[in-house]
Amino acid sequence: MPDQPSRLKLAGISKSFPGVRALDNVTFEVRPGEVHGLLGENGAGKSTLLNTLSAVFKADEGHIEIDGRPVEIRSPLEARAAGIAMIHQELQHVPHLTVAQNMFLGRPLKQASGLLVDRRGQEQRAREVLRDLDPTIDPKTPIRDLKVSQQQVVEIARALLENARVIAMDEPTSSLTPAEFDRLAVLIEQLAARGVSIIYVSHKMDEVFRVCDRATILRDGKFVDTVNMADMNEASIVARMVGREIVHQTHTSHERSDALLEVSDLGREKAVQGATFTLRRGEVLGISGLVGSGRTELLRLIAGIDRPTSGSIRVSGRSLPLHDPRAAIRAGIGLVPEDRKGHGIIRERSVAANMALPSMGRFSRYGLVSHRQRHRVAMKVMEDLRLRPLDVTRPIGKFSGGNQQKAIIGRWIAAGTEILLFDEPTRGIDVGAKSEIYALIERLAQEGKAIVVVSSEMLEIMRVSDRVMVMREGRLVATLERDQISEAAIAAHAIPQSQRSVHDASRPDRQDIIQ
Amino acid sequence: MTSTDFRDPAAKGTFARMVPNLRDLGTLFGLVVIFVAFTALNDTFLTVPNLVNILQQSSINACIALGMTMVIISGGIDLSVGPTAALSAVLAASAMVVGVPAPLAILLALAVGVACGVFNGVLIAYAGLQPFIVTLGGLSLYRALALIYTGGNPVFGLPEGFRDFLNGSLFGIPSPVVIVAVISLALWVMLNRSPLGEYILAVGGNEEAARISGVPVARTKIVTYALSGALASVAALILIGRLGAAEPTLGTLWELDAIAAAAIGGASLMGGKGSVVGTLLGAIILGALRNGLTLMNVQAFYQLLATGIIIIVAMLIDRATRGR
C-alpha cells in the first residue's frame with residue numbers, strides 16, 4: 001500500500017520541557033489499516049509523542065492531520081472524538097464497575113427520559129462489540145474479575161465503540177503471557193484488516209516484528225527513520241534506536257561450588273506448591289513460566305515477605321526463620337522486586353538513603369547514622385554500577401528506570417548480600433540499560449554470589465541462566481540444564497494443557513523471528 | 001576513613017544537609033510575613049515579652065504537633081492525642097494529690113501516654129486497622145476513661161513544687177519553651193541522624209519497599225504512636241502545671257491544631273515527608289496569628305476564620321511551589 005494517503009500525520013512536532021528538548025521536529029505518519037511500531041529507548045520521546053497526540057500536553061510547534069485535514073486537538077476528550085484512542089500500559093478503569101459500565105464511562109447511554117442510565121442498552125451494545133473480540137467476556141462482570149489480558153480487550157472494545165480510527169497501544173504486553181500476546185496479535189491483525197490503524201509501542205523486538213508493518217524510530221527526541229519491518233532485522237532496528245551497534249553477548253557459565261540456598265517443599269496455599277531446589281554459589285538460576293504461575297510468590301516466600309504454609313529454607317546449611325524479611329536479609333538474601341515503583345524505591349529519599357536501608361547497622365555509630373560513610377559507600381556503588389547522574393543526594397524518584405534498578409541492585413551490593421533474587425530485572429528498562437543489567441548479573445555470579453532470575457522474556461532467561469526451572473500453576477515442573485534450554489522446551493513445560501493449542505498454532509513464525 | 005578528604009563528592013552532600021531545606025525556608029518566610037504584618041499593625045507585637053509569650057503559648061501545640069509529625073511522616077495519623085493528654089493529666093494529678101512525689105507522677109504520666117500510643121500502634125501495625133479509625137476509637141476511649149475515673153470533675157490541689165517547675169524559667173526563657181526546645185532537638189537528631197528516623201521516612205514513603213528492604217515496619221509504626229502519646233503527656237503536664245488543676249476534658253481539639261501545624265510545616269498526610277523545624281515554625285505561625293489578633297482585639301470567631309484561611313493558603317502555596 002505505497003501511495004495511500006496517511007490516516008494520521010504528526011508533522012514537525014516539537015516540544016520542550018524546562019531543560020529538555022523532548023521532541024525536536026518529529027514527523028510521524030500512519031496509514032489506514034497499518035500497524036505502525038513506535039520505537040526508541042526510554043527517554044527517546046515515544047511517550048511525549050503519544051501524549052501530544054492525545055493532547056495531554058500541547059506541542060510547541062507542528063500540527064496534526066487526520067485523513068489529510070489539519071485538526072486541532074485540545075484535550076484528551078477531543079482526541080477521542082477525533083477517533084484517536086489510547087490504551088495505556090496501566091489500564092485505566094474503575095475496578096468494581098462492570099465491563100459495560102467501564103466501556104460507557106463518561107458518556108453513558110441514557111434512557112428515553114434522559115435522566116437515568118440505560119444499563120440494559122449499554123450491556124447490549126457492549127456485547128455486540130465484544131462478540132468479535134472475545135465473546136467469553138460478559139459485559140455484566142465487574143472488570144476487576146477479568147484477567148489483565150481481557151481487561152485490555154475491553155479497552156480495545158471501548159475504543160471501537162467510540163469509532164476509533166487510530167488506536168495507540170503503549171507497551172500492551174507488559175503483563176501478558178506469551179499465549180495472551182498471541183491472541184492480541186491476532187486481534188490486532190483483525191483490527192487492521194477492518195481499516196483501523198494501530199500505533200504499537202513496545203520494547204520487545206520479537207513482538208514488534210510479529211505485529212508491525214512499519215515502524216518509526218526515535219532517538220533523543222529526534223526522528224531517526226521510518227522503516228518497513230520486512231526489510232529489517234533486530235540488530236538493524238536496535239542500532240537505529242541506540243545509535244550504535246550493541247554487541248550481543250552470549251551467556252558465560254561460572255564455576256559452581258557449594259550449595260548456598262536450599263529450598264525444600266516451600267509452599268503457600270495454591271500459589272506455590274512444594275517448591276524444592278538448591279542454588280549454588282556462582283550460579284544463575286532462571287525461573288520461567290507464565291505470569292501468575294507463582295514465580296513472584298516463590299521469590300517473596302524466600303525473601304520472607306509472605307508467610308509460607310509449608311516447607312523450609314536453609315542458607316549455608318542453617319535453617320532460616322520463615323516470614324521474617326530481616327532474618328532473610330541477615331542470612332544474605334536480597335529481593336529486587338518486579339514492581340520497582342511500588343515495591344522497590346522510596347521516591348522522595350536520596351539514592352544513598354535508599355541504598356543504605358537494609359544495612360543501617362553498618363552505617364551507624366553510637367546509634368547515629370554516619371552520613372559521610374553512607375555517602376562514601378553509595379558513591380562507590382554508584383560509580384561501580386555506572387549510575388547516572390552521579391549524585392548520591394538526588395531523590396531516587398528522579399532517576400530513569402534503568403538507573404533506579406541499578407540503585408536497587410546496589411542496595412544489596414552495599415549490604416553484602418550473597419543471594420540475589422531478581423524479579424523481572426529489566427521490566428520497563430531500555431535496551432542499552434538492559435545489557436548493562438545482564439552484564440551486572442553475570443559479574444555478580446562471577447564474584448560468587450548465587451542468583452535467581454524470574455523473567456517473562458524468553459530471550460532474557462536464555463541470556464542469563466545457567467539452569468532454568470519452569471513453573472506452572474504454582475509448581476516447579478521442570479529443570480533444564482544449560483544445554484537443554486530453548487524457547488520451545490521452556491514453553492512446552494510452562495503452558496497448561498488447556499492453553500497449549502493456541503500457542504502452538506502460532507509457534508513457527510515466532511521461532512523464525514527469534515532465531 | 002580520613003575526615004579531611006574534601007575531594008570526596010559525598011562531602012558536598014554532607015554540607016548540603018546542614019542547610020535547612022527549601023520547604024522549611026518557605027515556612028520561615030510565611031512566619032516572617034505574619035510578623036511583619038502584625039508589627040506594622042500593632043506596637044506591642046514585636047516586643048521581647050510578647051515574643052516570649054508567643055513561644056510559651058505555642059509550646060503545648062508544638063509539643064503535640066512534633067509527635068503528630070512523626071506519626072504523619074510514617075504514613076499514619078493520631079487523632080487520640082487530646083484524650084491521651086487528658087487521661088495522663090488526671091492520673092498524674094491524682095497521684096500527686098495523694099502524695100506521690102512529682103517526678104514519679106511525671107513518669108506515670110509519660111507511661112500512660114506511651115501505653116495509649118502503643119495500644120493504637122499495635123492495633124494499626126499488627127491488626128492492620130486503619131490509623132484514622134483506630135485513633136478515632138482511641139479518642140473516645142481515652143476520653144471516656146478520663147471522665148469515668150474522675151467522675152467528670154477536675155482534680156485540684158497540685159503540689160507547689162511541680163507547678164513552680166513548670167511555671168519557672170531558665171535564663172528568662174519559660175520552662176515549657178525550654179522543654180519543647182530540648183524535645184525538638186532530640187527529635188531532629190532522631191529523624192535526621194538515627195536509623196529510626198530513616199525507618200520512619202522509609203515506612204511513610206513506601207511501606208512495601210521498606211518491608212522488602214528489611215525495615216522493621218511494625219515496630220517503627222508503634223514507636224511513632226508511642227512517641228506521640230508520650231508527647232501528649234508532656235503537653236498535658238505543661239498545661240496542668242500552668243492551670244494548677246487537671247480537667248478530664250482538657251485537650252479537646254488538640255489533634256486538629258497539631259495536624260494544622262504539621263501540615264503548614266510541610267508534613268504530607270500521604271506520609272514520607274515532614275520536618276521538625278517545619279512543624280515548630282508551623283506551631284509558631286498559628287500561635288503568632290492568635291496572639292496578634294488578640295492584641296488587636298479581634299473577636300475569637302474571626303481568629304478561627306483567620307486560622308482556617310492560613311491553613312488553606314499554606315497548602316495552596318505548598319502545592320504551587322512543589323509543582324506536580
Within the range A:127-154, restricting to residues that are under 15 Å from residue A:94 (Cβ atoms) and hydrophobic (A, V, I, L, M, F, W, C), the one that is modelled with the lowest pLDDT is A:146
Quickly run through the range A:296-308 and pick out the residues that are outside any loop (DSSP other than H, G, I, E, B) and among the charged types (D, E, K, R).
-> A:297, A:300
Scanning the range A:120-144 residue by residue, those among the acidic types (Asp, Glu) and within 19 Å of residue A:173 (Cα to Cα) turn out to be A:134
Restricting attention to the range A:37-84, the residues that are out of contact with any Leu (no Cβ under 9 Å at 6 or more places or on another chain) and crowded, with 22+ Cβ neighbours inside 10 Å number exactly 1
The range B:210-249 - residue that is part of a loop (DSSP other than H, G, I, E, B) and surrounded by 23 or more Cβ atoms within 10 Å (Cβ to Cβ) and, of those, farthest from the other protein chains (Cβ to nearest Cβ) = B:248
What tally of residues in the range A:421-436 results from selecting those that are away from chain B (no Cβ under 14 Å) and within 27 Å of residue A:275 (Cα to Cα)?
-> 4
Filter pass, residue B:93 being assigned to a helix (DSSP H, G or I), buried (at least 21 other Cβ atoms within 10 Å of the Cβ) and touching a strand residue (DSSP E or B) at 6+ places or on another chain (Cβ under 6 Å) | yes
Inspect the range A:288-295 for any residue being hydrophobic (A, V, I, L, M, F, W, C) and either within 14 Å of chain B (Cβ to nearest Cβ) or in a strand (DSSP E or B) (or both) and give the result as yes or no.
-> no
Name every residue in the range A:105-134 that is under 11 Å from residue A:154 (Cα atoms) and in a loop (DSSP other than H, G, I, E, B), in order of residue number.
-> A:134
Of all residues in the range A:257-287 being in a loop (DSSP other than H, G, I, E, B) and among the acidic types (Asp, Glu), which is farthest from residue A:422 (Cα to Cα)?
-> A:269
When (1) more than 7 Å from every other protein chain (Cβ to nearest Cβ); (2) in a loop (DSSP other than H, G, I, E, B); (3) surrounded by fewer than 21 Cβ atoms within 10 Å (Cβ to Cβ) are applied to residue A:393, the one that fails is (1)
Evaluate the range A:285-305: report whether one residue or more is crowded, with 20+ Cβ neighbours inside 10 Å and of a type in the set (Asp, Glu).
-> yes
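I'm checking my understanding of the structure. Among residues of the range A:353-366 that are within 7 Å of chain B (Cβ to nearest Cβ) and in a helix (DSSP H, G or I), which one is surrounded by the fewest Cβ atoms within 10 Å (Cβ to Cβ)? Step through it out loud before you land on a result.
The initial filter retains those residues of the range A:353-366 that are within 7 Å of chain B (Cβ to nearest Cβ), namely A:353, A:357-358, A:360, A:364.
If we keep only those that are in a helix (DSSP H, G or I) too, we end up with A:353, A:357-358, A:360.
Numbers: A:353: 25, A:357: 26, A:358: 24, A:360: 21.
Residue satisfying both the conditions and the ranking: A:360.
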Run down B:147, B:110 and say which single residue is under 24 Å from residue B:222 (Cβ atoms) and aliphatic (A, V, I, L, M).
-> B:110
Could you list all residues from the range A:320-352 that are outside any helix (DSSP H, G or I) and among the charged types (D, E, K, R)?
-> A:324, A:338, A:339, A:347, A:348, A:349
The lone condition residue A:230 fails out of (1) more than 19 Å from residue A:49 (Cβ to Cβ); (2) modelled with pLDDT under 85 is (2)
For the range B:177-201, enumerate the residues that are more than 14 Å from chain A (Cβ to nearest Cβ) and not small (Gly, Ala, Ser).
-> B:177, B:178, B:179, B:180, B:182, B:183
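Against the definition (in a helix (DSSP H, G or I) and either exposed (fewer than 15 other Cβ atoms within 10 Å of the Cβ) or basic (Lys, Arg) (or both)), how does residue B:252 come out, yes or no?
So residue B:252 does not fit the description; no.
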Residue set A:190, A:152; condition assigned to a helix (DSSP H, G or I), crowded, with 21+ Cβ neighbours inside 10 Å and not aliphatic (A, V, I, L, M); output residue A:152
Give me the pairs, please: first residue somewhere in the range A:198-212 and crowded, with 21+ Cβ neighbours inside 10 Å, second residue anywhere and modelled with pLDDT under 90 and among the aromatic types (Phe, Trp, Tyr), beta-carbon distance under 7 Å, and either six or more positions apart or on two chains.
-> A:207/A:181
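Go through the range B:41-84 and give me each residue that's small (Gly, Ala, Ser) and under 12 Å from the mean Cα position of the chain (by Cα).
The answer is B:58, B:59, B:62, B:65, B:67, B:82.
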Boolean, residue A:206 is among the acidic types (Asp, Glu), at pLDDT 90 or above and in the same structural domain as residue A:237 (by the TED database) = no
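Results for (1) hydrophobic (A, V, I, L, M, F, W, C); (2) at the interface with chain B (Cβ under 9 Å from one of its Cβ atoms), shown as yes or no for each residue.
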position: A:346; (1), (2): yes, yes
position: A:376; (1), (2): no, yes
position: A:389; (1), (2): no, no
position: A:407; (1), (2): yes, no
position: A:415; (1), (2): yes, yes
position: A:419; (1), (2): yes, no
When the range A:313-344 is examined, which residues are found to be free of Cβ contacts under 8 Å to residues at least 60 places away in the same chain, more than 7 Å from chain B (Cβ to nearest Cβ) and charged (D, E, K, R)?
-> A:314, A:318, A:324, A:330, A:339, A:341
Failed criterion for residue B:160 (all others in (1) within 14 Å of another protein chain (Cβ to nearest Cβ); (2) acidic (Asp, Glu); (3) without any contact (Cβ under 8 Å) to a residue 12 or more places away in the chain hold) | (1)
Scan the range B:283-312 for residues that are assigned to a helix (DSSP H, G or I), in contact (Cβ under 8 Å) with a residue 24 or more places away in the chain and more than 14 Å from residue B:30 (Cα to Cα) and report the count.
-> 4
Residue check: is residue B:106 more than 30 Å from residue B:244 (Cβ to Cβ) and of a type in the set (Val, Ile, Thr)?
-> no
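The values are calculated or read from the model by the stated rules, or taken from the named source; none is laboratory data. Values in this document were obtained by computation on a predicted structure and should not be read as measured data. Glycine gets a Cβ as well: all are built from the backbone with ideal geometry, and neighbour counts include every protein chain shown.
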